[in-house]
Amino acid sequence: MHRLVLDGVFFLAASERRALRKQYCPAITPMRDGTHFVSLWRRLVDQELSWPWYERDQASVRRRTPEISASRLHPMLVDIMKQPRHYGALCIAAFEYPVKDMLEEIRHPVLLAQAAGDIRYQWVSKAARRLAERSVLARCAPDGRRADARRVGQLPGRAMKVSHHLMIGVVLAGACGSRLLAG
């Protein structure tokens, strides 16, 4: 049974962490004309297209089908606007967290999600090597389809007992926003 689901991991250099801390979750300044909503909406779309969202070079392109439907982005926008001063705290904490040290301490099974060709998941293979036999790598299809959490435990060639907590973890992680495939 997997006790931890990681939807990507970050092995960032100090300069990368500084850049992300400075640019990834900029302050939201409400404007009388509502243009802050348009700006935030555009950032959510850009987040689906590039990693990080503010980079525009070819190396930053997330090679997958972006999920930019209003039904997906609207709840994200509303959540951010409910806490405009603190919306980036969890992202910044994830960027700052000493993942390498944490992986060394884990002694239980881990499910690592990875989207093929998606630059945001560039460090997952390295994490899988560090975890060795304690991990199962679940690759996500780049076609934008959502995972069916009931099927996570039925990955071909992998015998896994899926608990309620694992299903919730996969659903909350968004399962890379794609369909899980065997690793």
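A few points about this structure:
- Search result, residues across the range 48-63 that are part of a helix (DSSP H, G or I) and out of contact with any strand residue (DSSP E or B) (no Cβ under 8 Å at 6 or more places or on another chain): E48, Q58, A59
- All of (1) outside any helix (DSSP H, G or I); (2) more than 28 Å from R107 (Cβ to Cβ); (3) of a type outside the set (S, T, N, Q) hold for V5 with one exception: (2).
- Extreme residue, farthest from L77 (Cα to Cα), among residues of the range 22-47 that are in a helix (DSSP H, G or I) and in contact (Cβ under 8 Å) with a residue 24 or more places away in the chain: Q23
- Of all residues in the range 90-107, those satisfying the criterion of being assigned to a loop (DSSP other than H, G, I, E, B) and either closer than 21 Å to L20 by Cβ or touching a strand residue (DSSP E or B) at 6+ places or on another chain (Cβ under 9 Å) (or both) are Y97, P98, I106.
- Test: residue in the range 81-89 that is in a helix (DSSP H, G or I), in contact with a helix residue (DSSP H, G or I) (Cβ under 9 Å, 6 or more places away or on another chain), surrounded by 14 or more Cβ atoms within 10 Å (Cβ to Cβ) and of a type outside the set (A, V, I, L, M): no
- One residue from V136, V124 being at pLDDT 90 or above and aliphatic (A, V, I, L, M): V124
- Checking E55, E105, E67 one by one, the residue that is in contact (Cβ under 8 Å) with a residue 24 or more places away in the chain and among the acidic types (D, E) is E67 and no other.
- Condition check for M76: in contact with a helix residue (DSSP H, G or I) (Cβ under 9 Å, 6 or more places away or on another chain) and more than 27 Å from Q114 (Cβ to Cβ): no
- Number of residues in the range 108-135 that are part of a helix (DSSP H, G or I) and in contact (Cβ under 8 Å) with a residue 12 or more places away in the chain: the value is 11.
The values are calculated or read from the model by the stated rules, or taken from the named source; none is laboratory data. Note that the structure is predicted; figures quoted are calculated from it, not measured. Neighbour counts run over all protein chains shown; Cβ positions are idealised from the backbone, glycine included.
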